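The values are calculated or read from the model by the stated rules, or taken from the named source; none is laboratory data. All values reported here derive from a predicted model rather than from experimental measurement. FYI the Cβ positions are ideal-geometry reconstructions off the backbone, even for glycines, and counts take in every protein chain you see. SASA here: full protein model, heavy atoms, side chains in, ligands and nucleic acids out. Shrake-Rupley method; radii C 1.70, N 1.55, O 1.52, S 1.80 Å.
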Amino acid sequence: MEESKQSPAIPTVYQPQDVEQKWYKFWLEHGYFSHKINPEGEPFCIVMPPPNVTGQLHMGHALDNTLQDVLTRWRRMQGRRTLWLPGTDHAGIATQAKVEEALAKEGISKYDIGREAFLEKTWEWKHRYHDRIVEQMHMMGSSCDWELERFTLDEGCSRAVREAFVELYNKGLIYRGSYIVNWCSHCQTTISDIEVEHTERDGHLWHLRYPYTDGSGYVVVATTRPETLLGDTAVAVHPEDERYTDKIGKTVLLPVMNREIPIIADEYVDREFGTGAVKITPAHDPNDFEIGLRHKLEQIAVIGKDGKMNENAGKYAGMDMLECRAKLVEEFRELGLLEDITDLSHSVGECYRCHTVVEPLVSPQWFVKMEPLAEPAIKAVLDGETRFVPSRFTKTYTNWLENIRDWCISRQLWWGHRIPVWYCQDCGEVICQVEDPTVCPKCGGSHLEQDPDVLDTWFSSGLWPFSTLGWPDDTELLKTFYPTNVLVTGYDIIFFWVARMMFSAMEQMKQNPFSDVFIHGLVRDAQGRKMSKSLGNGIDPLEIIDQYGADSLRFTLVTGISPGNDMRFQQERLEGARNFMNKLWNATRFALMNLQDYQADAYPLELTLADKWLLTRLARVSADADANLEKYELGEALRAIYDFAWDEFCDWYVELAKLRLYKGTPEQKHTAQTVLATVLRGILELLHPFAPFITEELWQQLPHEGDSIMLVKYPNGQGATLYEAEEKQMQTVMDLIRAIRNMRAEMNVPTGKKAPVIISAGEELLSQMQEAESYIKMLAAAESIEFVSPDSPVPDKAAKAHVRGVDAYLPLAGLIDLDKEIARIEKEIANTENELKRLAGKLSNQGFLAKAPADVVEKERAKEGEYQTKLASLREHLELFK
RNA sequence: GGGCGUAUAGCUCAGCGGGAGAGCGCUUGACUCACAUUCAAGAGGUCACUGGUUCGAAACCAGUUACGCCCACCA
């Protein structure tokens, strides 16, 4: 900075790698991310969705993180007492699988080393990936309060889990029971209903004959899973199905197993499907399980947790499921009991992690009773205490909670929160409490064994918004920041997480965990495909940062997105972002070069037309950006700032300012310097939440007050003077300049060649244009400008344009291509006539005049007048040539 | 079976009741002393289709089509 003043050789290309981490360190060292900043401000809190410690961050995290950081930095700049609380998730099943995988490469199984040693390995894994994740967030510029960082398995969160579990248990909302659950034979654990992915697969429907025991023929059942018939304990038909009414109560002999099973009636059966008769396997199908309960049927499990046929499968015991299926069908064929095989596409449940087909089986597990919990969670959203942005996700959420089944929370894993339940080996007492018990409260025995299972990861994630703030203790943090303000997350996780936080919070805190849920979409690849490991189309945020800088990555992720919709990630857009950063860099270079002798308050300000216009535009853009941020329209906010910075500031104002900077009086120069610095600083401040690094780097170099751009007041345009007349005047000047440039281009006037211009308008407009003479000269390459009144003789052999009541002539005797000019004018006339036709139609419409707002009618009238003038002006010009 | 989303310029997408927008790409011209990661000018669109509401619809409503997503216990 001092250096750069002496040597003007600041590179013309911005190198983000040179500055980004310098500023991150600076912010960290000064404690600017702390929630203790702005102690008097109204609290604002975002609790970060904790990334899994399974691996590194992907583009989805980068998006999620960027959105949160934009909101956080913006609110902090507004003066709010801001806390963005970071953390990571232990991600039970996912992390354990990764560690097992790593061990397997060394030929070790977790059973070889035992639970304790395995957990040690997993903690090592956790530390390694945690550090990487945190480093990535540093690279992204995330302004979270690292001193409050949490982990779902840390001491505090673990205590919260126990408190919540025990409380729910004591209320009867957590229970243990043998019910049908989803079993993944690969992961060797239960998974919850939402962890089962349903995919449509081509399969078959086997029609099998079950002979009646009375010898009166057979009933035909249809099944997609013949192997389960070994565990059949009934055949069900619809009670009103005439084909079967006389068969209800009879028995059939289950082939192969030679078990006598009843024919029962149940309304669940769909008469239209298959043969209308269903084999019932209560131990291996959720529906059959329910029917089994209704009819008190025996549950015979024939498939084991290893996915193989078990001892109840008779001669098929030990056989793989699919192998058994084939052999069994063959046996039916030989017995003459195979009626038919038809094709059927049906949905198959797979484990979301490993895509193994999920086996429904009956097992003793822990469950959360959902109905009483769901109700307040639904109500909180319907009452508007918590609001989804965009609102359409409200329905997704409520529909799910309204139809929810009890949540199986026990997992047969080692990595996670151990279930706080002990079984007394002496008297069988079940002890559920927060602290580890040493003796049985019932019999006094000390042979206690803790339940070996751990909890579903999402049980602890569900407590995240308050466990991280110190719950169950009544901490200052909790009092200050709960309920939090906004949760930022993807729509793919509404069920898994958002809903669980809602009902957990309503239960434990009796208060909604956040006011807004800001939902974003997925980051897809350039072709619109989901980024995935298997496709290999994922893009590493770090590589992008390395290549383009974090600001460009953030910019790309925020622009052109609208809430809740997916986005495609395209390399070309990064270039656009990088170019913009470079533009800012160079605009600041320009400013610095021209501010070397700048002294604040050296002279009183003499604001010119361009100054007043620019300051007004800055105020409007600031108000617009701030309002859009308030609505979570981050993309819109950024677009407005971008347009202002590039088009109005760089392409127009900077050029105009050169007049005074290079050739002005000291007074004039000073005003230009002041406005230049003020507005550029305003732009940087507006951009800071989106592009924190470059804005800090440049802001620090400009004249400024304060220690960091992070802590200055976010511009919102309030209190600014709006120079409306100059704004309008400048608009006309700019249109006029564009019109002259257009004529020059059409007439092939070489870019470098200056040409005379004649401007004609009524008295007031003419003086307004005269005021902008230097602007027009500079930006329209005018050699000289002659200002004339409308009744002055029309110049001969000139091109002409008309803009908002102003005529501009380009006298080009000799240079002018007559045919071209005629064509150009005729086209312009046609356009104007079309517009006029439209306006005339509107203005002769009684309905419009009567019902449209007065200002709209007025605007249309004004436009009509303007176009009529324009048309007359152009026609007159055309006449000259004919 | 239910629910939701998307259809706007060659591409990617904003806009969501009052004159069709951006970036990229394309055409033309310019190394103009902040920036060629630039500047200037331009071409390019019956805003998917059909009805309706309204003085006025790309935008609101209904329906249709196409693509996509989510949920669901069709053996």
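What Kirkwood radius, in Å to one decimal, follows from the Cα pairs of the stretch A:608-728?
14.8
Any idea how far apart A:Val430 and A:Lys820 come out in nm if each label point goes 7 Å out from Cα toward Cβ?
The two pseudo-label positions are separated by 9.1 nm.
At a 1.4 Å probe, what is the % contribution of carbon and sulfur to the accessible area of the stretch A:453-502?
Exposed carbon and sulfur together represent 52 percent of the surface.
For the stretch A:277-311 and the stretch A:508-548, what is the centre-to-centre distance using only Cα atoms, to the nearest Å?
40
What does the charge add up to near A:Cys427, with Lys and Arg as +1, Asp and Glu as -1, over the other residues with Cβ less than 14 Å from its Cβ?
Value of the local net charge: -2.
Set the Förster radius R0 to 45 Å, insert the Cβ-Cβ distance between A:Thr475 and A:Asp112 as r into 1/(1 + (r/R0)^6), and round the FRET efficiency to 0.05.
0.55
Using DSSP to define loop residues, name the chymotrypsin sites (Phe, Trp or Tyr not before Pro) in the stretch A:39-130 whose beta-carbon has at most 16 other beta-carbon atoms within 10 Å.
On the way: sites: A:Phe44, A:Trp74, A:Trp84, A:Tyr111, A:Phe118, A:Trp123, A:Trp125, A:Tyr129; in loops: none.
Nothing satisfies the criteria.
Using only the alpha-carbon atoms, how far is helix A:571-593 inclined from the longest principal axis of chain A? Give it as 0 to 90 degrees, nearest 10.
In chain A, helix A:571-593 runs at an angle near 40 degrees to the longest axis.
Please compare each pair in A:Lys98/A:Lys126; A:Lys296/A:Lys327; A:Lys530/A:Lys631; A:Lys820/A:Lys863 to a cut-off of 20 Å on the Cα-Cα distance and tell me which ones are over it.
Details: A:Lys98/A:Lys126 11 Å; A:Lys296/A:Lys327 30 Å; A:Lys530/A:Lys631 28 Å; A:Lys820/A:Lys863 28 Å.
Check vs 20 Å cut-off fails for A:Lys296/A:Lys327; A:Lys530/A:Lys631; A:Lys820/A:Lys863.
Using 0.36 nm per residue, how much length does the chain from A:Lys105 to A:Asp214 gain when fully extended, once their Cα-Cα distance is taken away?
Length gained between A:Lys105 and A:Asp214: 33.3 nm.
Given a cut-off of under 8 Å on Cα pairs at least six residues apart, what relative contact order in percent is computed for chain A?
Values: 1494 pairs, mean separation 106.5, N = 882.
12 percent.
Using only DSSP helix segments of four residues or longer, with each worth -39500 (n - 2.57), what per-residue ellipticity at 222 nm results for chain A after dividing by its residue count and rounding to 500?
-14000 deg cm²/dmol
Pairs of Cα atoms under 8 Å, at least six residues apart: use those to get the relative contact order of the stretch A:539-686, whole percent.
On the way: 113 pairs, mean separation 42.6, N = 148.
That works out to 29 percent.
With a ≥ b ≥ c taken as the square roots of the eigenvalues of the C-alpha gyration tensor of the stretch A:472-565, please select rounded if a/c is under 1.5 and otherwise prolate if a/b is larger than b/c or oblate if it is not?
Prolate.
Using all alpha carbons of the stretch A:733-875, what is the percent of pairwise distances in each 5 Å bin, ordered from the shortest bin to the longest?
Calculated over all Cα pairs of the stretch A:733-875, the distribution is 2, 9, 18, 20, 17, 14, 9, 6, 4, 2, 0 percent.
What ³J(HN,Hα) values, in whole Hz, does the Karplus curve 6.51 cos²θ - 1.76 cosθ + 1.60 give for the stretch A:17-33 when θ = phi - 60°, with x put for Gly and Pro?
4, 6, 10, 4, 5, 4, 6, 4, 4, 4, 5, 4, 4, 8, x, 6, 8
Relative to the longest principal axis of the C-alpha atoms of chain A, give the angle of the C-alpha long axis of helix A:321-334, reported between 0 and 90° and rounded to the nearest 10°.
Helix A:321-334 sits roughly 60 degrees off the main axis of chain A.
From the C-alpha coordinates alone, can you work out the Kirkwood hydrodynamic radius of chain A, in Å?
The answer is 33.3 Å.
Would you please put A:321-328, A:691-698 in order of how densely packed they are, using the mean number of other Cβ atoms within 10 angstrom per residue and starting with the highest?
A:691-698, A:321-328
Of the cross-linked pairs A:Lys25/A:Lys612; A:Lys171/A:Lys442; A:Lys777/A:Lys797, which ones have a Cα-Cα span greater than 27 Å in the structure shown?
A:Lys25/A:Lys612
Tell me the label-point distance for the pair A:Arg875, A:Glu298, using the 7 Å Cα-to-Cβ offset, in nm and rounded to one decimal.
The two pseudo-label positions are separated by 10.2 nm.
Provide the FRET efficiency to the nearest 0.05 for the A:Arg741-A:Leu535 pair, computing r from the beta carbons and using R0 = 35 Å.
Working from the Cβ atoms, E equals 0.15.
If you plug each phi of the stretch A:849-858 into the Karplus form 6.51 cos²θ - 1.76 cosθ + 1.60 with θ = phi - 60°, what whole-Hz ³J(HN,Hα) values come out, in order, with x for Gly and Pro?
Values, residue by residue: 5, 7, 9, 6, x, 4, 5, 5, 4, 4 Hz.
So, for chain A, what is the accessible surface per residue at a probe of 1.4 Å, expressed in square angstrom? Display every interim value, and only then the final one.
Details: 38930 Å² over 882 residues.
Normalised by residue count, the accessible surface of chain A is 44 Å².
Return the carbon/sulfur percentage of the accessible area of the stretch A:163-304, one whole number, probe 1.4 Å, all protein chains in place.
47
How much net charge surrounds A:Arg838 when only other residues with a Cβ under 11 Å from its Cβ are counted (Lys, Arg +1; Asp, Glu -1)?
Combined, the nearby Lys, Arg, Asp and Glu give -1.
Is the stretch A:497-620 rounded, prolate or oblate when judged by the Cα gyration tensor, a ≥ b ≥ c being the square roots of its eigenvalues, rounded requiring a/c under 1.5 and prolate requiring a/b larger than b/c?
Because a/c hits 1.5 or more and a/b fails to exceed b/c, the stretch A:497-620 counts as oblate.
Whole-Hz Karplus ³J(HN,Hα) for the stretch A:360-371, in order, using 6.51 cos²θ - 1.76 cosθ + 1.60 and θ = phi - 60°, x for Gly and Pro?
With coefficients 6.51, -1.76 and 1.60, one gets x, 8, 8, 7, x, 9, 9, 10, 9, 6, 8, 4 Hz.
At a 4.7 angstrom Cβ threshold, list every cysteine in chain A that has nobody to pair with, or say none.
A:Cys45, A:Cys144, A:Cys157, A:Cys324, A:Cys354, A:Cys408, A:Cys432, A:Cys650 - these cysteines have no disulfide-compatible partner (Cβ-Cβ under 4.7 Å) in chain A.
Using a probe of 1.4 angstrom, how much of the accessible area of the stretch A:582-730 is carbon and sulfur, in percent?
Roughly 47 percent, rounded to a whole number.
Which FRET efficiency, nearest 0.05, do A:Lys369 and A:Gln450 yield, Cβ-Cβ r, R0 22 Å?
0.45
Looking at the square roots a ≥ b ≥ c of the eigenvalues of the Cα gyration tensor of the stretch A:38-122, which shape do they give, rounded for a/c under 1.5, prolate if a/b is larger than b/c, or oblate?
In terms of gyration-tensor shape, prolate.
Quickly rank A:287-299, A:98-110 as a protection proxy: mean count of other C-beta atoms within 10 Å, highest first.
With the highest mean Cβ count within 10 Å placed first, the list reads A:287-299, A:98-110.
Give me the distance in nm between label points sitting 7 Å out from Cα along the Cα-to-Cβ direction at A:Met593 and A:Lys754, one decimal.
Simple spin-label model gives 2.1 nm for this pair.
Measuring from a point 7 Å past the Cα of A:Tyr603 along Cα-to-C-beta, which residues in the stretch A:767-785 have an amide N at less than 18 Å?
Answer for this model: A:774-775.
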